Amino acid sequence: MDKNNIRTILIRGANWVGDALMTTPVVEAIRHNFPEARISLLVVPWVMDLFTHNPHSDEVIPYFREGRHKGLRGKRVLLKEIKGRKFDLSILLQNAFEAALLAWGARIPRRAGYNTDWRGWLLTHAVPLRPEYKKVHQTQYYLAMARGLGLEAPDTDMFLQVPDEYTTYIHSRLKRYGYEGRPLIVLAPGATYGSAKMWPGERYSLLATELARYCGAGLIILGSVQEKGVGDGIVRGVGQEMAVNLSGATSLLEAAAWIKQATLVISNDSGLMHMAAALSKPQLAIFGPTNRITTGPRNRKAHIIYHETACAPCLKVRCPTDHKCMASITVEEIFEAACRMLSTYSS
């Protein structure tokens, strides 16, 4: 790709928290290649906070696909907004046909991305999606696209910035909960895309009881509003004085601030898992039907709990059989691993 005369760049970002965080190394690579360009990120509102404080982009443009940008009329509004910024280049991290169609409709002269979903004819710089790219970690998948465009794309860590005011707020809450001077463990028992990725909630409850009783840990439960019931069940099991359920009660950055303060994070394969990885926190990640090679936590302090089964990774939303990949993982196994990590990282 000729880098000359590229002064404005639109990056079409990913739609989900984990996917968005896994794009941060390639966003950094794009900044490295175009240090003087104005870089804008087009993302859905629920991941905007992940990029608001990212030093490698200049602007975050919200894509209200369920609001003012919904439907044909909404797409016309979005096209008008994008056209007005007169972008020189669009880099499509999202593989959807719609992403390429929007860039083409906005008359952006250079349109780059993988040639998936029958959209190659809409791109001026189409990168072939080689089979081996689907076998590496998703951060590498995005970086491979940048390299396919002829860009320099060093392998860097994921990035997530938590503003200082959030850290100050979390410290005040730790005092309120009586958690000062105790190990702080964040539990994230939920997961997007169905129940198959979730270790049973009753086992999280038993685990929480053990962690509070034998490790003296303060427990914070994070998740979406849809996962509040799972968190409530854990609190009932361990007692309100030992655990606080904040599922559905925090912003994305507040959840990140809790994770930043944690001694240990225990989760399923989820966006919160990738938050912990981006913040380089000690973490236990429980994997079942998903692929730990391609979407595991990219973090030197991560330990993945995973049992080999004949049907995993199946990538299914719901298990049609016995959920053996998750059911075979015991409370004792997670508790012992947590104790080892607390011993390593609390000293």
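Over the residues of the chain, compute the C-alpha Rg and express it relative to 2.2 N^0.38 Å.
My calculation over the Cα atoms of the chain gives 1.04.
Tell me the trypsin sites (Lys or Arg not before Pro) within region 16-111 that lie in a loop according to DSSP and have at most 16 other beta-carbon atoms within 10 Å.
Answer by residue number: ARG65, ARG68, LYS70, ARG85, LYS86, ARG107.
Taking each pair of different alpha-carbon atoms in region 130-276 once, compute 1/r for the pair, average those values, and report the inverse of that mean as the Kirkwood hydrodynamic radius in Å to one decimal.
Taking every pair of different Cα atoms in region 130-276, averaging 1/r and inverting gives 16.7 Å.
Going by Cα centres, region 118-187 and region 251-296 are how many Å apart?
Centre-to-centre (Cα) distance: 11 Å.
At most 16 other Cβ atoms within 10 Å and a DSSP loop assignment: could you name the GluC sites (Glu not before Pro) in region 1-108 that fit?
GLU36, GLU66
How charged is the neighbourhood of ALA144? Take every other residue with its Cβ under 9 Å from the Cβ of ALA144, and add Lys/Arg as +1 and Asp/Glu as -1.
+1
Residue by residue through region 79-95, which ³J(HN,Hα) values in whole Hz follow from phi under the Karplus form 6.51 cos²θ - 1.76 cosθ + 1.60 (θ = phi - 60°), with glycine and proline marked x?
Once rounded to whole Hz, the list reads 4, 4, 5, 6, 4, x, 8, 6, 6, 8, 8, 10, 10, 9, 7, 7, 8.
Place the peptides 312-318, 227-233 in order of packing, highest mean first, counting for every residue the other Cβ atoms within 10 Å and averaging per peptide.
227-233, 312-318
How would region 204-347 be classified by its alpha-carbon gyration tensor: rounded, prolate or oblate, with rounded meaning a/c under 1.5 and the a/b versus b/c comparison settling the rest?
Judged from the Cα gyration tensor, region 204-347 comes out rounded (a/c under 1.5).
Taking Cα centroids, how far is region 67-104 from region 8-39 in Å?
Measuring centre to centre over Cα atoms gives 16 Å.
Taking the alpha-carbon distance from LYS70 and a cut-off under 27 Å, which lysines remain once sequence neighbours fewer than 8 residues away in the same chain are dropped?
Candidates past the 8-residue exclusion: LYS80, LYS83, LYS86.
Return SER343, SER40 ranked ascending by Cβ neighbour count within 10 Å, so the fewest neighbours appear first.
Fewest-to-most Cβ neighbours within 10 Å comes out as SER343, SER40.
Aspartates and glutamates near LYS228 by alpha-carbon distance under 17 Å, same-chain residues fewer than 8 away left out - which ones?
GLU202, GLU254
Excluding residues on the same chain fewer than 8 positions from LYS134, give the lysines whose Cα lies under 19 Å from its Cα.
Those lysines meeting the cut-off are LYS316.
Given axes a ≥ b ≥ c from the Cα gyration tensor, I'd like to know whether region 8-148 is rounded (a/c under 1.5), prolate (a/b larger than b/c) or oblate.
Rounded, since a/c falls under 1.5.
Determine the relative contact order of the chain: mean sequence separation of Cα pairs under 8 Å and six or more apart, normalised by residue count, in whole percent.
15
Where does the chain land at 222 nm, in deg cm²/dmol rounded to the nearest 500, when only DSSP H runs of n ≥ 4 count, each adding -39500 (n - 2.57), divided by all residues?
The helix contribution divided over the chain gives -11000 deg cm²/dmol.
Values in this text are rule-based calculations from the coordinates and carry no lab data. Worth saying up front: this structure is predicted, and the values here are computed from it rather than measured. With ideal geometry, Cβ positions are generated from the backbone for all residues, glycine too; neighbour counts draw on all protein chains shown.
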